1. For a paramagnetic label modelled at 7 Å from the Cα of Met156 toward its Cβ, which residues of region 129-148 fall within the zone defined by backbone nitrogen distances under 16 Å?
2. Suppose the chain between Asp146 and Glu29 were pulled fully straight at 0.36 nm per residue; how much longer would it get relative to their current alpha carbon spacing?
3. Once you put a point 7 Å from the Cα of Glu60 and another 7 Å from the Cα of Arg81, both along the Cβ direction, what distance in nm separates them?
4. Using 0.36 nm per residue of separation minus the Cα-Cα distance, give me the extension gain between Trp172 and Thr119 in nm, one decimal.
5. Students often check this: by mean Cβ neighbours within 10 Å, which of 102-109, 90-97 ranks highest, and how do the rest follow?
6. Where does each of Arg174, Arg43, Arg129 land when they are ranked from fewest to most other beta-carbon atoms within 10 angstrom?
7. Could you tell me the calculated FRET efficiency between Ala17 and His53, based on Cβ-Cβ distance and R0 = 22 angstrom, to the nearest 0.05?
8. So if R0 is 35 Å, what FRET efficiency would Arg43 and Asp133 give, r being the distance between their Cβ atoms, rounded to the nearest 0.05?
Amino acid sequence: MSEPEGRRRGRPGHDLASVLAVAVELFNERGYDGTSMRDLAARLGIAKSAIYHHVTGKEELLSLALDRALDGLATVTSRVRALPVPALDRLEYLVRGSVEVLEAQLPYVTLLLRVRGNTDVERAALDKRRAFDRFVADLVAEAVRDGDIRPDADAMITARLLFGLVNSVVEWYRPDRRGQAAPLADAVCAMAFDGLRTRRPETLSSGSRSAGRDDDGPAGGDPPGAARDGGRVHGVRDRRPRDPRP
């Protein structure tokens with residue numbers, strides 16, 4: 001029985017997924033422009049002509065790879081748009097989901113972050129990244145209006161700084177080298193939304209209190225509504241967003 005017309009079939013052991021994975025590996029090592037189909041064939045250990053059983057050329061490989069990263073981010077964005085929670089919680093969900101996509105699709109997201117717009121495929125990917133940036137900035141602006149983010153925060157600058165933190169993970173994160181106990185998304189969200197500083201209330205003498213200074217006064221101490229635990233000050237709201245699903 002003959003193969004269906006139009007179906008591509010490569011050598012045993014090299015399906016489209018494995019060809020794409022090796023191509024992305026090379027693109028990240030050498031750059032897209034610096035990688036040839038001959039280089040890919042050598043890395044795969046097959047004739048160059050065998051690659052064309054799977055794809056029409058190098059640009060199609062690039063398109064498939066970038067779509068894999070962008071589709072993951074699009075799925076997270078769609079879920080975030082539908083969440084019935086305040087903008088700050090949606091922003092945190094977006095950061096958390098983006099980090100999880102980065103972990104799951106690390107080589108593909110790395111490639112996405114390195115494209116420079118030299119081809120039509122790259123320019124289309126950059127347009128989608130810019131749309132994502134605008135969505136993040138809109139969430140920041142809404143959270144500012146809600147009073148959940150400081151009023152002097154510029155929405156686009158904040159969005160770029162926030163996702164600059166997320167995107168920098170590709171430069172050092174290696175799944176087999178991690179020693180952290182907490183999930184990566186938790187660590188990024190804690191840093192982005194809670195910061196580094198541990199706020200410790202000022203220890204006041206009884207004399208200074210009698211002089212009109214108290215724990216909640218301008219001299220320092222706990223912010224209104226905060227709970228104290230072992231010297232660390234916690235806000236009244238749990239910073240990890242709640243799962244809105246029933």
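Read-outs throughout are calculated quantities, based only on the coordinates presented, and are distinct from any laboratory measurement. Quick caveat, the model's predicted, so the values are computed rather than measured. Using ideal geometry, Cβ is built from the backbone for each residue, glycine included, and neighbour counts are taken over all protein chains shown.
1. 129-142
2. On the way: separation 117, 0.36 × 117 = 42.12 nm, distance 4.41 nm.
Result for the pair: 37.7 nm of gain on full extension.
3. Using points 7 Å along Cα→Cβ, the separation is 3.0 nm.
4. Numbers: separation 53, 0.36 × 53 = 19.08 nm, distance 2.74 nm.
Here the segment from Trp172 to Thr119 would lengthen by 16.3 nm.
5. Answer by packing, highest mean first, reads 90-97, 102-109.
6. Working: Arg174 7, Arg43 15, Arg129 18.
Exposure proxy ranking, most exposed first: Arg174, Arg43, Arg129.
7. Details: r = 14 Å, r/R0 = 0.63.
Step by step, r from the Cβ atoms, then E = 0.95.
8. Values: r = 34 Å, r/R0 = 0.96.
Once rounded, the FRET efficiency stands at 0.55.
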